[in-house]
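Taking it in order: structure first as structure tokens, then the write-up.
What follows is calculated from the coordinates using simple rules that are stated; it is not laboratory data. Just so we're clear, the structure is a prediction, and the values are computed from it rather than from any experiment. Cβ sites come from the backbone with ideal geometry, for glycine too, and all protein chains shown count toward neighbours.
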Amino acid sequence: MEDSAPRPGEKKVVAVVGGGLVGALNACFFAKRGFQVEVYETREDIRCANVVRGRSINLALSHRGRQALKHVGMEEKIVSKGIPMNARMIHALSGKQSPIPYGKKGQYILSVDRANLNKELLTEAETYPNTKLNFDHKLQDWSAETGLMTFARPDGSKTQVRADLIVGCDGAFSAVRKQFLRRSRFNYSQTYIPHGYMELTMPPKHGEFAMKPNYLHIWPRNTFMMIALPNLDKTFTCTLFMPFEEFEKITTGDEVIEFFQKYFPDAIPLIGADALKRDYFRLPAQAMVSVKCSPYHIGDKCVLMGDAAHAVVPFYGQGMNAGFEDCIVFDEIMNRFNEDFGAVLPEYTRVRVPDDHAIADLAMYNYVEMRAHVNSKWFIFRKHVDNLLHLLMPKTIIPLYTMVTFTRTRYHVAVERWHWQDKVINRGLLAGAVGAVFGGSYLLVKNPPNINKLAVAAEKIWNKLAALNTP
Ligand SMILES: Cc1cc2nc3c(=O)[nH]c(=O)nc-3n(C[C@H](O)[C@H](O)[C@H](O)COP(=O)(O)OP(=O)(O)OC[C@H]3O[C@@H](n4cnc5c(N)ncnc54)[C@H](O)[C@@H]3O)c2cc1C
Ligand SMILES: *[C@@H]1O[C@H](CO)[C@@H](O)[C@H](O)[C@H]1NC(C)=O
């Protein structure tokens, strides 16, 4: 048994379990503080492996994630390899495309390659002499009393290691979390949504992107939806979201084409009919799970971060961003409490649980909303009003999407503020409507407008708004 407990005068040992996105970044945070950091990762070193099976090929990086990268000096490196997406590009069934900006001019999110991001973060962690990456180490069990962890090795052997602090960054199916589940007064919920997802590649056309690159392309179709994010190699990764039962209904190549013909006709020539027929059956649709729990810590021994603490459904593009922000929040609390784990861990739970629960709820809300309200007139009208009010009163009315994506407003505060704004705006609209009925009828009688022109303009706005409540 290796015993890595600190000798007097030595920095404590922090074991980061999981060398995924959050684990690798967190290793940098702890290494920067001078801890002796040991990262334990089930997989082999993805920088040497040729097949990397991630969960999604690319993801949207926004403000919170960028701020965390900045803390460890990695922002520029990652941003330079990202592709800015300034707006959503909505694909109507007719093939018509209409852009809808994410925020104000100059605000954008970035499409980044998951594998590259993970590799860069591992390489960065390794630049600290006080960090060691241990691949092919799968955590099996650990003891909350002693901090002793048991790892399984690919050759079937086992290793035991002790650490002062265990940081569980081992994802949605966390092995670290199992110990929490055995304890009393641990709240836990896990929900699988009925939708699955499947990734399809859209190749370059004549050496160029097949569609406009600086957009997150969206094909909203109520119960189904497809999105596409650009990659540096000029491909797009398309992700089809659909209920599992619908995925299962399609069993032959011709049925795939028939289905796309009906819902995403413009995508067929771009992906290629033959590729579509083949790739649809390459991997089964993947499940999506939402996990909420509390507390995030056990004594002064263990803390959960990233998906291990809060797996969220991907409809707000915040899972990784929230996990990265966890690292900053923890770091800030370490400063406040002088790296005293006994004080830091409970405070981290106290501060972070409401925010991570809020983003889990928001992501779920967006998932429901995208299907249920996409055709609600009131809803679309309200999105328009919110954006207009933000333009008029940028400090008072801030759309929820803007707060979540382009600020570090605490997630639960963003939600509270959103509810407050909603009430105020609805009241204002009610008062306005009463006034408008009287005022408007008077004006209409005095100078009747050109109804045709009005209708055309209204329809234009309408079409744009119809797509607003997409990610
Ligand atoms: C389809 C899809 C699209 C998404 N899009 C976005 C997006 O656009 N923007 C965004 O911010 N987020 C997005 N997310 C969420 C994002 O992928 C996750 O939030 C993020 O990967 C969480 O990182 P993590 O390090 O906590 O977990 P993971 O990335 O799951 O990493 C966990 C690591 O732990 C290792 N591990 C697991 N078990 C053990 C063990 N027993 N012992 C040792 N190691 C172990 C795993 O091998 C893995 O390397 C998306 C998710 C999905 C599914
Ligand atoms: C568990 O959930 C209940 C109900 O929401 C809540 O009152 C309680 O404080 C939670 N406990 C923990 C430890 O988070």
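Odds and ends about this structure:
- Euclidean distance of C-alpha centroids, region 259-275 and region 318-341, integer Å: 44 Å
- 3J(HN,Hα) from dihedral phi, region 321-333, Karplus parametrisation 6.51/-1.76/1.60, rounded to Hz, x for glycine, proline: 4, 5, x, 5, 5, 3, 5, 5, 4, 4, 4, 5, 6
- Using θ = phi - 60° and Karplus 6.51 cos²θ - 1.76 cosθ + 1.60, couplings along region 200-205 (whole Hz; Gly, Pro as x): 10, 9, 9, x, x, 10
- Alpha carbon centroid spacing (whole Å) that separates region 128-204 from region 349-368: 21 Å
- Note on region 192-287: Lys pairs 8 or more places apart or on different chains, Cα atoms under 22 Å apart, count 7.
- Inter-label distance, residue 417 to residue 104: 1.3 nm, where each label sits 7 Å from its Cα along the C-beta direction.
- Near residue 196, the amide H atoms lying under 5 Å from its own belong to 242, 244; only residues 5 or more places off or on other chains count, and H is placed 1.01 Å from N.
- Helix 253-263 and the long axis of the chain differ in direction by around 50°, with both axes built from C-alpha atoms.
- Hydrodynamic analysis of the chain uses the Kirkwood radius over alpha carbon pairs. Inserted into Stokes-Einstein at 20 °C and 1.002 mPa s, it gives a translational diffusion coefficient of 88 µm²/s.
- Sorted by Cβ neighbour density within 10 Å, fewest at the top, the residues 413, 22, 313, 39: 413, 313, 39, 22
- Of all lysines in the structure, the ones whose alpha carbon falls short of 23 Å from that of residue 395, not counting any fewer than 8 places away in one chain, are 104, 105, 383, 423.
- Under 12 Å from the residue 274 label point (7 Å along Cα→beta-carbon), backbone N, region 200-237: none
- With a simple spin-label model that places each label point 7 Å from the Cα along the Cα-to-Cβ direction, the separation between residue 214 and residue 350 comes to 4.6 nm.
- P(r) weight above 20 Å for region 192-287, C-alpha pairs, percent: 32 percent
- Across region 244-285, Cα-Cα distances exceeding 11 Å account for 62% of all pairs.
- Placed amide H near residue 16: partners under 5 Å, 5+ positions off or other chain: 38, 39, 40, 167
- Computed about the Cα centre, the dipole magnitude for the chain is approximately 1560 debye when only Lys and Arg (+1) and Asp and Glu (-1) carry charge, each at its Cβ.
- In the chain, helical runs assigned H by DSSP with n ≥ 4 each contribute -39500 (n - 2.57); averaged across all residues and rounded to the nearest 500, the mean residue ellipticity at 222 nm is -13500 deg cm²/dmol.
- Fraction in percent of alpha-carbon pairs per bin - 5 Å, region 107-170: 3, 13, 18, 19, 18, 14, 7, 4, 3, 1, 0
- Phi-based couplings in Hz for region 409-414 (Karplus 6.51, -1.76, 1.60; Gly and Pro marked x): 3, 3, 3, 6, 6, 4
- Checking the Cα-Cα distances for 12/301; 11/132; 32/77; 11/178 against a 21 Å cut-off, the pairs over it are 11/178.
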